[in-house]
Amino acid sequence: MMPGRRRRSHSRRGRDAPVAGAIRPGKVPLHWRDYLFEENPWSRWQARFRSAYEIASAMRHNPLTVAGLAIVALLLLIALLAPLLAAQPPNLQDLAARLRPPGAGAWFGTDELGRDVYSRVLYGTRISLGIVMLVVLIVGPIGLLIGCTAGYIGGWVDAVLMRVTDIFLACPRLILAFALVAALGPGAGDAVLAIALTAWPAYARVARAETLALRGTDFVAAARLQGAGPLRIILRQIMPLCLSSVVVRLSLDMAGIIMVAAGLGFLGFGAQPPSPEWGAMISSGRRFILDQWWVAFFPGLAICIASLGFNLLGDGLRDVLDPKQR
C-alpha cells in the first residue's frame, strides 16, 4: 500500500508542477513585462493587455500615426474645453465690429454679424466631431452585422442583403445624402442619419469578405458541433475577428464623413444657423472671400486639419491592425 500511495503522490505533484517559464497566479513577477509577455497567459485579460500593448508600441514607432493621433487628441481636447478657450460666446453679435480683420481683439477676425470667428471655429469642433462619432457608432455595428450575417448564412439571405447593398453603392454617396436629408429635413440630426444611411454598405462588404474566409475554419465548426446557433456564432465567433478590418475602414473614412457633413452644412442641409458648423460658416463667408478672406478661410483650415489628422491616424491603424499589411 505504501509504494502505491507514494506513486500517487508523485504523480499528483507532477500534474501540479508549473510549466517552465510560467508565472503562477498571485506570484508577483520581477517586471511587468514578464507578466505581459508570458508565453502561456493565465487569463483572457492578460492576453488582451498584451495585444493592446503591441498595437500601441507599433503605432508609437510610426511618426505619421503619432502625428495623426496628436491632431485628433487635440481636436477632442478643444471640443471639451471650448467654453474655456473661446474668447466670447459663439453667437454673440456686435454689428459695430463686423468684418474686422484678425488682430489682438479677435484672433481670427469677425464675420458679417460681428461674431468672433475664433470662438465659432472652436465651438464648431464640437459639432463636426459629434457628427463623426455618431455616424461611426451607427454605421459600424450595422455594416458589421449585415456583412457577417450575409457571409455566414449565405443563400437567399446573402443575395438579398448584397443586392440592397449594391443599390446603395450604385448611387453617389454625396448626392444620395443630399436626397435623403432633403426628404428628412435640414438639421444636424437628420444629417447624421442621412450620412449613416449612405455609409454602411462599404463596411458590410468588408465584413462579408472576412466572414467568407472565416466560416469554414475549424473553430467555427467546433462551435457548431457544440450546439451554438447561427446568431451566437456570428456574434461571438465571427464579428470579433472582423472588427479590426471594419475599424480600419472607419478610421480611413472619418475624413470623408467630415467632408460630407461640411458639404451638407454648406448647402444648408446640415446644422442650421446660428450653429457654428464649419460648412455653414464657409457658406456664409463665401460672399466676402475676396476682401474679407478670414471669414471662410479659418473654418476651411479647420476642416483640412481635421481631415489630415483622421487620414494619418487611419493609415497608421491600417498598418497595425490589417493582417495583410503586417
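Throughout, read-outs are computed from the coordinates displayed, never taken from laboratory work. This is a predicted model, so every value here is computed, not measured. Positions of Cβ are generated from backbone atoms using ideal geometry, with glycine treated the same way; all protein chains shown enter the neighbour counts.
Quote to one decimal, in nm, the extra length available between residue 289 and residue 184 on full extension: 0.36 nm per residue of separation minus the C-alpha distance between them.
Working: separation 105, 0.36 × 105 = 37.80 nm, distance 3.12 nm.
Contour length minus Cα-Cα distance gives 34.7 nm.
Work out from phi, with θ = phi - 60° and the Karplus expression 6.51 cos²θ - 1.76 cosθ + 1.60, the ³J(HN,Hα) of each residue of region 149-156, listed in order in whole Hz, and give x for Gly and Pro.
In residue order, the calculated couplings are 5, 5, x, 7, 6, x, x, 5 Hz.
In what sequence do 164, 246 fall when counting other Cβ within 10 Å, fewest first? All intermediate terms of the calculation are to be shown ahead of the outcome.
Working: 164 14, 246 24.
Sorted ascending by nearby Cβ count, the order is 164, 246.
Using Cβ counts within 10 Å as a stand-in for footprinting exposure, how do 259, 281 rank, fewest first?
Details: 259 15, 281 28.
Lowest to highest Cβ neighbour count: 259, 281.
What is the calculated FRET efficiency for residue 55 to residue 133, with r their C-beta to C-beta distance and R₀ = 22 Å, to the nearest 0.05? Before the final figure, lay out each step's value.
Numbers: r = 21 Å, r/R0 = 0.95.
Working from the Cβ atoms, E equals 0.60.
Hey, what did region 117-326 get for relative contact order, percent, Cα under 8 Å, at least 6 apart?
Details: 272 pairs, mean separation 57.1, N = 210.
Reported as a whole number, the value is 27 percent.
Compute the length gained on full extension between residue 213 and residue 66: take 0.36 nm times their separation in residues and subtract their Cα-Cα distance, giving the result in nm to one decimal. Mind dumping the intermediate values first?
On the way: separation 147, 0.36 × 147 = 52.92 nm, distance 3.21 nm.
The residue 213-residue 66 span can extend by a further 49.7 nm.
Highest mean first, how do 205-218, 224-237, 136-149 rank when packing is the count of other Cβ atoms within 10 Å averaged over residues?
Values: 205-218: 17.3, 224-237: 13.4, 136-149: 21.1.
Result, highest mean first: 136-149, 205-218, 224-237.
In Å, what is the Rg of the alpha-carbon atoms in region 90-177, and how long is Dmax?
Gyration radius and largest Cα-Cα distance of region 90-177: 22.7, 68 Å.
Give the long-range amide H neighbours of residue 110: residues separated by 5 or more places, or on another chain, with amide H under 5 Å away, using H modelled in the peptide plane at 1.01 Å from N.
99, 100, 117
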